1. So if I average 1/r over every pair of distinct C-alpha atoms in the protein assembly as shown and take the inverse, what Kirkwood radius in Å does that give?
2. Less than 29 Å apart at the alpha-carbon level, and either on another chain or at least 8 residues along: which lysines does that give for B:Lys42?
3. Ranked highest first by average number of other Cβ atoms within 10 Å, how do B:67-80, B:9-22 line up?
4. Peptide A:43-53: average number of partner chain Cβ atoms within 10 Å per residue?
5. Taking only C-alpha pairs under 8 Å that are 6+ residues apart, what is the relative contact order of chain B in percent?
6. Equivalent ellipsoid semi-axes for segment B:45-99, as square roots of 5 times the alpha carbon gyration tensor eigenvalues: give them largest first, rounded to whole Å.
7. Calculate, axis by axis, the spread of Cα positions in segment A:40-80 along the three principal axes, and write the results as whole Å, longest axis first.
8. Please work out how much accessible surface B:His85 shows to a 1.4 Å probe, ignoring ligands, DNA and RNA, in Å² rounded to 10.
Amino acid sequence: DAKTTQPPSMDCAEGRAANLPCNHSTISGNEYVYWYRQIHSQGPQYIIHGLKNNETNEMASLIITEDRKSSTLILPHATLRDTAVYYCIVRVAGNTGGFKTIFGAGTRLFVKA
Amino acid sequence: GAVVSQHPSRVICKSGTSVKIECRSLDFQATTMFWYRQFPKKSLMLMATSNEGSKATYEQGVEKDKFLINHASLTLSTLTVTSAHPEDSSFYICSAPDGGGYGYTFGSGTRLTVV
């Protein structure tokens, strides 16, 4: 079973920040939070990951609460091309061939003009 | 970054025939690959874990004889849908742990339509 819960859908105005929440209350100490997104009829694309510190890259920022039970993915200036399904996943990091990645339902983000 | 090449991207086949889908890891070795199935507007469902040099591990409810998985080398895994039926029509996606900190790299997916 997926270890995360996310809202099924969200809307965001183009140019505004999109804040996508994720609950992972049963996360273990060695599990990272990963975010992927899937644009229609494509394979999932990596966005960002983190353990306990906030992270930022060219695509997004990841804010993880101090107790690590939830996190928020922030797309600072959403564009129409950011319309996709966003998946929050928790798992052990590294070349963990033995660890399966189980997807939850994700959040369908609609960016509107 | 790491790339997983998956093909074909689209295939249409007749009922009763078999279809093979290939996934190759480019520029990195993948001792393990994962195969997912996705129905329209649904999330990815893990079907099986492919292991180089040993038998694949299937998730509960997935028919081993229907979905044959072979991990022939450190860079190639194949999924063969045997005796395909219309209900096997779906989007199939593979992934591999890339060891580069990005977790898993996914193929671009294969849309299978059985007519």
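1. On the way: mean 1/r = 0.0552 Å⁻¹.
Its Kirkwood hydrodynamic radius stands at 18.1 Å.
2. The reachable lysines, counting only those whose Cα sits under 29 Å from B:Lys42, are A:Lys3, A:Lys69, A:Lys100, A:Lys112, B:Lys14, B:Lys20, B:Lys55, B:Lys64, B:Lys66.
3. In descending order of packing, they fall as B:67-80, B:9-22.
4. Numbers: counts 16, 10, 2, 10, 1, 1, 3, 0, 0, 0, 0.
Mean number of neighbouring Cβ atoms from other chains: 4.
5. Numbers: 293 pairs, mean separation 42.2, N = 115.
Normalised by residue count, the contact order of chain B is 37 percent.
6. Values: eigenvalues 80, 30, 24 Å².
For segment B:45-99, the semi-axes come out at 20, 12, 11 Å.
7. 35, 22, 14
8. Solvent-accessible area, nearest 10 Å²: 80 Å².
The values are calculated or read from the model by the stated rules, or taken from the named source; none is laboratory data. Quantities reported herein were computed from a predicted structural model and do not represent experimental measurements. Cβ atoms come from the backbone with ideal geometry, glycine included; neighbour counts cover every protein chain shown. Each accessible area value is taken on the protein alone, full model and side chains, heavy atoms only, with ligands, DNA and RNA left out. Shrake-Rupley method; radii C 1.70, N 1.55, O 1.52, S 1.80 Å.
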